[in-house]
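The block underneath contains the structure these notes are about, expressed in structure tokens.
Laboratory data are not the source of any read-out in this text; all were calculated from the coordinates shown. Predicted, not measured: the structure shown is a model, and the values here were computed from it. Don't worry about glycine lacking a Cβ; one is built from the backbone with ideal geometry, like all the others, and counts go over all protein chains shown.
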Amino acid sequence: MDPLITYKFQELFFVKVHIFYLVGFFLLICNDKNNIFMKLLLISNSTNPGEPYLEYPRKEIQRFLREKKVHALFIPYAAVTFSFDEYESKVVERFSEIGHYITSIHHFPDPVKAVQEAEVIVVGGGNTWQLVRMIHDNRLMEAIRLKVSEGTPYIGWSAGSNVACPTLRTTNDMPIVDPNGFECLNLVPFQINPHYLDINPEGHGGETREQRILEFLEINPDVFVVGLREGTMLKYEDGLLHLIGTKSARIFRKGIAPMELNASDDLNFLMR
């Protein structure tokens, strides 16, 4: 065969291969609801024993938001035994120490518009059932999901991490209200059990947290559940999922022995 023809054939082949991979990558992004543009910081608990409020995650929040000052929208709906103003005041104090501003959504006459215009969305902990009820009542579930999928950073702790999941069904909280549906933001395809404990307190005869998660998996066999221990968090950024903290996370799925994964392990299988 003519060498020139062979060269042209090879050149055409490699161009087609490159186009194939580019199209595949584009379709992957378009079809992946957990896309590479999302930025999530999902924290197990706000405060460790003996520490000030939001002390241990404060530096990670600072790294996550970087140096440029931002004005974050705070969603305090999980508060039950204290007011939204009190909740906002606590969070404002800690975020101001790292150079950022907070305004609670309850000050806005149009909550959906507030979400649409937010630079950062911060969802505090408390009672997950109450939080989901108020997000549904204010028609914010789709607004938050869309805003975060476009790249607006999302920070949540405890209940705020729970609502990033497909449903609220792995919360630890008392079902004090009808949430008007168990569906949540579905920012990640797995469930989180925050404040995960390995054993029950001495003298307690009820189910362990693991037993309750295994019950959930018996009915929902195709879902991963992350037991997120206190003092740890999950960060999703640049299309990669990382565990942050000195404790491991316990990963559950029906038909698979529970796994202990550390900060150095690859957790990206959870996003598929």
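Worth a mention:
- Converting phi to 3J(HN,Hα) with the Karplus coefficients 6.51, -1.76 and 1.60 and the offset θ = phi - 60°, the stretch 163-168 yields 6, 6, 7, x, 9, 8 Hz in sequence order, with x at every glycine or proline.
- Backbone geometry of the stretch 220-230 corresponds, through the Karplus equation with coefficients 6.51, -1.76 and 1.60 at θ = phi - 60°, to 3J(HN,Hα) couplings of 10, x, 9, 10, 7, 10, 9, x, 9, 6, 4 Hz, x marking Gly and Pro.
- Across the stretch 238-245, coupling constants 3J(HN,Hα) worked out from phi with the 6.51/-1.76/1.60 Karplus curve, θ = phi - 60°, read 6, x, 10, 9, 10, 8, 10, x Hz, and Gly and Pro carry x.
- A crude spin-label estimate for the pair residue 214 and residue 197, with each label 7 Å from Cα along the Cβ direction, gives 1.8 nm.
- Hull volume per residue, based on the alpha-carbon atoms of the chain and their convex hull, is 180 Å³.
- The C-alpha atoms of the stretch 164-252 occupy a region whose extents along the principal axes are 45, 36, 24 Å, arranged from largest to smallest.
- With R₀ set to 22 Å, the beta-carbon distance separating residue 53 from residue 172 gives a calculated FRET efficiency near 0.65.
- Residue 142 paired with residue 112, simple spin-label distance in nm, labels 7 Å along Cα-to-beta-carbon: 0.8
- Against the chain, whose longest principal axis comes from its Cα atoms, helix 209-219 is set at around 60 degrees.
- Within the stretch 176-222, the chymotrypsin sites (Phe, Trp or Tyr not before Pro) that combine a DSSP coil assignment with at most 16 other C-beta atoms in a 10 angstrom radius are 182.
- Ordering 246, 208 from the fewest to the most neighbouring beta carbons within 10 Å gives 246, 208.
- Mean Cβ neighbour count within 10 Å, used as a protection proxy, ranking 154-163, 222-231, 80-89 highest first: 154-163, 222-231, 80-89
- Seen against the Cα atoms of the chain and their longest principal axis, helix 55-65 is set at about 30 degrees.
- In degrees, nearest ten, helix 3-31 long axis to first principal axis of the chain (Cα): 20
- Pairwise Lys count, the stretch 37-271 - Cα closer than 22 Å, eight or more residues apart or different chains: 21
- Nitroxide proxy distance, nm - points 7 Å out along Cα→Cβ at residue 269 and residue 180: 3.9
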